[in-house]
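The values are calculated or read from the model by the stated rules, or taken from the named source; none is laboratory data. Everything quoted here is computed from the prediction, not taken from an experiment. Virtual Cβ from ideal backbone geometry, glycine too; neighbours counted across all protein chains shown. These area figures cover heavy atoms from the full protein model, side chains too; ligands, DNA and RNA do not enter into them. Shrake-Rupley method; radii C 1.70, N 1.55, O 1.52, S 1.80 Å.
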Amino acid sequence: MTDVRAGVNALDDLLVPLLVERSGYMTQAAKVKNDENLVFDQDRIDAIIERVRPKAEREGGNADLIERIYRAMITCYIDYEHEELARMRAEGLEPRNTQGSAAS
């Protein structure tokens with residue numbers, strides 16, 4: 001069991017920095033979208049799942065398991081993107097519909 005746990009820990013050491021990097025892209029997406037209604041994108045979710053399932057199979061993995069993991073991860077990142085958008089708004093980011101409009 002020690003070897004199994006060491007292997008899992010070694011993989012976590014690789015995964016955590018990648019997940020942190022992925023969260024940085026969610027922060028960027030929140031800023032670019034700048035609209036709460038654009039954060040959830042079913043077409044994008046479907047595209048991600050359609051992309052990772054065959055990759056999991058090619059790697060010899062269980063596509064159903066990988067899909068479940070990705071769906072859970074996507075849900076977490078959607079929540080995070082909403083949080084990041086709220087944070088940026090609190091720091092002064094103007095909502096998309098008011099950017100560039102002149103005050104009367």
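Considering only the range 27-44, state which residues are in contact (Cβ under 8 Å) with a residue 24 or more places away in the chain, open to solvent by 40 Å² or more (accessible area, probe 1.4 Å) and either assigned to a helix (DSSP H, G or I) or over 30 Å from A90 (Cβ atoms) (or both). K31, K33, E36, listed by residue number. Contact map, the range 60-75: residues that are without any contact (Cβ under 8 Å) to a residue 60 or more places away in the chain paired with residues that are of a type in the set (D, E, K, R) and surrounded by 13 or more Cβ atoms within 10 Å (Cβ to Cβ), Cβ distance under 8 Å, separation 6+ or inter-chain. Pairs shown: A63/R53; I66/R53; E67/R53.
Scanning the range 59-69 for residues that are aliphatic (A, V, I, L, M), surrounded by fewer than 16 Cβ atoms within 10 Å (Cβ to Cβ) and more than 17 Å from the chain's Cα centre (by Cα) yields a total of 1. Screening A86, A47, A72, A56 for residues that are part of a helix (DSSP H, G or I) and surrounded by 15 or more Cβ atoms within 10 Å (Cβ to Cβ) leaves exactly one candidate, A56.
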